[in-house]
Amino acid sequence: MLGRIRLLAAPLVLLFLAASPGPAHAADTVAAAAADTADDRVVRDEVLLTLGTDGVLHAKEIITYDFGAGGDGFERVYSTRIHHDGKRDRVFEVENLQVTQPYTASLAQEDERTLVKVSGPQASGRQTVTLEYDVAGAILPLPQGQELRWTAVGGWRVPVQEAAVVLDTGVMIRNVNCFAGTLSSVIGCSEFSTKMKRRRAVYGQQNMLPDEYLTVVSGLPPEATSGGPSYVERKTLATSFAINAVTGGALAALLVLLVGGLALLYFLRGRDKRADSSVRVPLTATGDGQAGFEPPDGVRPGQIGTLIDEQADVIDVTASIIDLAVRGYLLVEEEEGKSDWALRRLNRPVNDLHPYEQILYDGLFLMGERVRLSQLGGTFAHKLAQVRSALYEDVVAQGWFARRPDAVRSRWTVAGHVVTALAAVGTVVLAVLTNYALVGFAVLAFGLAMAFFGRHMPAKTGKGSTVLAHTLGFRDHLRRGEAAEVPDRQRIALFSRYLPYAVVFDVVGPWARTVEDAGVQGGDNLYWYEGPAEWDLSKFADSMRAFTFALSGALAQSRPYVGK
């Protein structure tokens with residue numbers, strides 16, 4: 001009946017399409033409509049199933065196919081993957097496919113189905129094709145027996161006029177059931193029963209629509225076969241990151257690498273001798289009234305700052321500028337009521353400057369012999385980068401580091417970022433294609449650890465560790481701000497002399513206490529700083545705090561990048 005209706009409707013469809021105006025490809029549309037309304041159908045699909053003791057079904061499928069006006073093949077679809085539980089799918093395997101001559105058949109797996117393409121000579125009307133194949137995974141053990149389940153007929157793109165299945169188990173069949181319709185249908189078939197003393201089951205269904213299926217079920221005694229089901233994990237985000245032997249091993253390896261990396265870091269850092277907190281650098285006045293206190297090993301403030309944190313920071317450059325002023329290379333002038341300061345270049349030979357100091361000194365006065373701090377922002381970036389680079393070269397030249405600390409940090413950080421990026425891509429690929437995404441995630445975490453711990457990888461030499469120990473003792477003294485034994489007239493000069501080091505150590509506040517009660521005596525020693533009118537030395541400590549803050553801010557505005 002369905003075929004006759006479609007034949008009657010086809011001329012109407014063709015007439016409508018022919019009469020309707022359309023683009024040049026209208027002929028293709030007409031041809032497609034004609035193909036869709038052709039009288040192809042499966043007249044009868046008969047499947048003979050024989051159950052082996054190993055649980056494998058051998059199927060002989062006799063297909064009577066009506067090619068209508070003509071055709072040379074068809075497609076047969078087997079449902080070979082069904083939902084089992086929240087994590088797994090049950091799979092069936094179609095194997096050992098054969099087809100009668102003159103036809104040929106190919107088998108392909110497509111997601112949840114197995115597709116068989118049958119090809120042969122051009123023919124019209126009814127033709128008979130016989131397929132033979134084996135089905136594995138049809139047996140499911142139950143507490144009281146075994147269940148055989150197989151979607152024997154279905155997946156056709158054309159109607160099936162009659163479907164018949166005969167199952168020969170060789171054992172007593174306890175019960176039978178059958179479902180027709182969609183794959184999830186619970187509607188019973190038109191026929192299902194047992195015969196041959198309950199050793200054979202028969203199933204049948206009439207007039208199946210395209211893409212409908214016939215699933216046969218039989219209950220069998222325990223140990224009727226040695227077969228069992230096959231399962232695969234369903235592909236979800238959770239299963240992609242599941243812990244299994246592979247991912248568990250990868251995570252364990254990550255732990256070993258991280259611990260090993262920390263051990264390596266400790267080994268590298270372990271060469272730095274720990275500073276002895278008991279080290280005290282005495283501050284005394286000599287017989288001529290001058291302070292007999294010197295920085296550790298005579299190093300400059302910028303060098304000390306780079307040695308301590310292994311970074312040439314803006315604060316190290318700030319301290320170097322103040323040090324140049326204290327040493328008489330430039331004069332700091334506080335402007336009246338403007339919260340601004342000017343740096344004035346002084347006429348003094350510069351043959352005792354370190355390379356980084358020379359670059360800094362020349363860079364400050366590119367615009368003239370006098371420059372305001374407010375003018376440095378945005379104009380000093382290139383020179384600042386050169387100063388920092390020269391500082392790194394200097395600490396290597398001093399023998400405190402075997403390699404530039406910034407280069408060591410960059411190498412580890414870049415390597416960590418590269419590993420992280422590759423691992424991120426790999427994790428996505430593994431999550432899509434496999435259940436081993438945790439392997440990629442483990443590598444990603446390792447890359448992040450490399451990038452994070454890279455900042456700690458620069459290591460001091462033995463000489464650098466020794467200088468550091470003296471440096472920390474010097475810092476403790478400045479933090480305590482002890483200068484009571486120094487005469488008042490020398491206290492301002494002493495404060496000025498070691499102010500650059502206090503800037504590096506971030507102890508300007510405690511060190512400023514040395515001049516809080518120094519009065520106004522000793523003013524002649526303030527050769528490097530000029531305050532505005534009505535300014536006296538009682539305001540010196542506050543002026544210094546404001547000046548160092550303003551100088552660091554001006555340099556930070558011109559900073560081209562953040563700390564290497």
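Each reported figure results from applying straightforward, stated rules to the coordinates on display, with no laboratory input. Just so it is clear, the model here is predicted, and its values are computed rather than measured. Cβ sites come from the backbone with ideal geometry, for glycine too, and all protein chains shown count toward neighbours.
Structure summary
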{"item": "Phi-based couplings in Hz for segment 312-328 (Karplus 6.51, -1.76, 1.60; Gly and Pro marked x)", "result": "8, 8, 4, 5, 5, 5, 4, 4, 5, 5, 5, 5, 4, 5, 4, 7, x"}
{"item": "Placed amide H near GLU212: partners under 5 Å, 5+ positions off or other chain", "result": "GLY155, TRP156"}
{"item": "Total formal charge among the other residues, if their Cβ is under 15 angstrom from that of ALA201, Lys/Arg +1 and Asp/Glu -1", "result": "+3"}
{"item": "Computed FRET value (nearest 0.05) for GLN144 with SER410, which takes r as the C-beta separation and R₀ as 41 Å", "result": "0.05"}
{"item": "20 Å reach of a label modelled at GLN122, 7 Å along Cα-to-Cβ, counting backbone N of segment 73-104", "result": "73-75, 102-104"}
{"item": "Calculated FRET value between SER184 and LEU433, using beta carbons and R₀ = 41 Å, to 0.05", "result": "0.90"}
{"item": "13 Å beta-carbon shell around GLU369, net charge (K/R +1, D/E -1)", "result": "+3"}
{"item": "Centroid-to-centroid separation of segment 465-479 and segment 159-216 [C-alpha atoms, Å]", "result": "91 Å"}
{"item": "Neighbourhood net charge (14 Å Cβ-Cβ; Lys/Arg +1, Asp/Glu -1) for ALA415", "result": "+3"}
{"item": "R0 of 60 Å, Cβ-Cβ distance ARG479-ALA242: FRET efficiency to nearest 0.05", "result": "0.65"}
{"item": "Cβ crowding within 10 Å averaged over residues, with 443-450, 299-306, 535-542 ranked highest first", "result": "299-306, 443-450, 535-542"}
